[in-house]
Ligand code: KIV
């Protein structure tokens, strides 16, 4: 599929019209300049500077340890690599749950210091006050419902969410609330496909699924998973397009071997 080069910048309004026109939205995570540049050139509409950086970049077990300063560092690197995609940045754990003033402060720091275009935060009615305050300040907010990894110690497991009626009901109500208070889009993570389809049909704003089936307005994956750089993470929803772990391993072994045998550098690779 060809990318529409006439669209200079993807905006929240363009994402909205994509939903109306039935065009699917492609979103991926990015944490650094070089990768962001490639993904942007490929034509993804949205790049998420996810707090999954805590896992795939920093090696933490959960997303909880990453700090606001670290998110801003990753976000500003991504922004420098992008000329078309909308850059959305996760508010890290602890920066918005406490009170709406600190949520606004964190969002303003992200927007001013990284040059990103929007923020994302996890949760429904519990964080509504924070979302309202951020939106009122003119900052676009993406919601995130279903499996919200910052609550992992409350969930106890990364299993599928909202399979039971009560949790599904709350998720549907939360989705409507997030739309009503001004979110421009909602990520739905690891929930039954039927529920995601129902929520998507009930909303005017676009939904982005990860492990939420095909009847949503767009899809997101962690880029390191899609490229096969991570190797032990194998949820059912993940499609790997490359096995970069093996490729990089092999290339590195070839380099080491060439260095040891003085095959590298050769006559043409020196001055
Ligand atoms: O942090 C992240 O990468 C995310 C996506 C999985 C949606 O929130």
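Quick note: the coordinates plus some simple rules give every number you see, no bench work behind them. Note that this is a predicted model, so its numbers are computed, not measured. Positions of Cβ are backbone-derived with ideal geometry, glycine not excepted, and every protein chain shown enters the neighbour counts.
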>> With angles folded into 0 to 90 degrees, how steeply does helix 68-80 sit against the dominant principal axis of the chain? Use alpha carbons for both and round to 10.
In response: 70 degrees
> Mean residue ellipticity at 222 nm from the helices of the chain, using -39,500 (n - 2.57) per DSSP H segment of n ≥ 4 over the full residue count, to the nearest 500 deg cm²/dmol?
Replying inline: -12000 deg cm²/dmol
>> If you split all Cα-Cα distances of the range 12-240 into 5 Å bins from zero, what percentages do you get per bin, shortest first?
In response: 1, 7, 15, 20, 22, 19, 11, 3, 0
>> Starting from 0.36 nm per residue, how many nanometres of slack lie between residue 257 and residue 62 once their C-alpha separation is accounted for?
In response: 66.6 nm
> Given 0.36 nm per residue, what is the gain on full extension from residue 126 to residue 38 after removing their alpha carbon distance, in nm?
Replying inline: 28.0 nm
> For the range 156-271, what number results from the quotient of the Cα radius of gyration and 2.2 N^0.38 Å?
Replying inline: 1.66
>> For the chain, take the longest principal axis of its alpha carbons; what is the angle in degrees between that and the long axis of helix 100-114, to the nearest 10 within 0 to 90?
In response: 30 degrees
> Modelled label-to-label distance, residue 8 and residue 238, 7 Å Cα→beta-carbon offset: nm?
Replying inline: 3.9 nm
> What list do you get for 164, 129 if you sort them by fewest beta carbons within 10 Å?
Replying inline: 164, 129
> So, by mean Cβ neighbours within 10 angstrom, what's the order for 116-126, 252-262 with the highest one leading?
Replying inline: 116-126, 252-262
>> If I fit a long axis through the Cα atoms of helix 244-260 and take the longest principal axis of the Cα atoms of the chain, what angle between them do I get, 0 to 90°, rounded to 10?
In response: 20 degrees
> Using the alpha-carbon centroid of each, what span in Å lies between the range 207-223 and the range 249-271?
Replying inline: 42 Å
> By how many nm would the segment from residue 17 to residue 164 grow when fully extended, if each residue of separation counts as 0.36 nm and the alpha-carbon distance is taken off?
Replying inline: 49.6 nm
>> Just to be sure I understand the model, the point goes 7 Å from the Cα along the line to the Cβ. What's the resulting residue 201 to residue 173 distance in nm?
In response: 2.2 nm
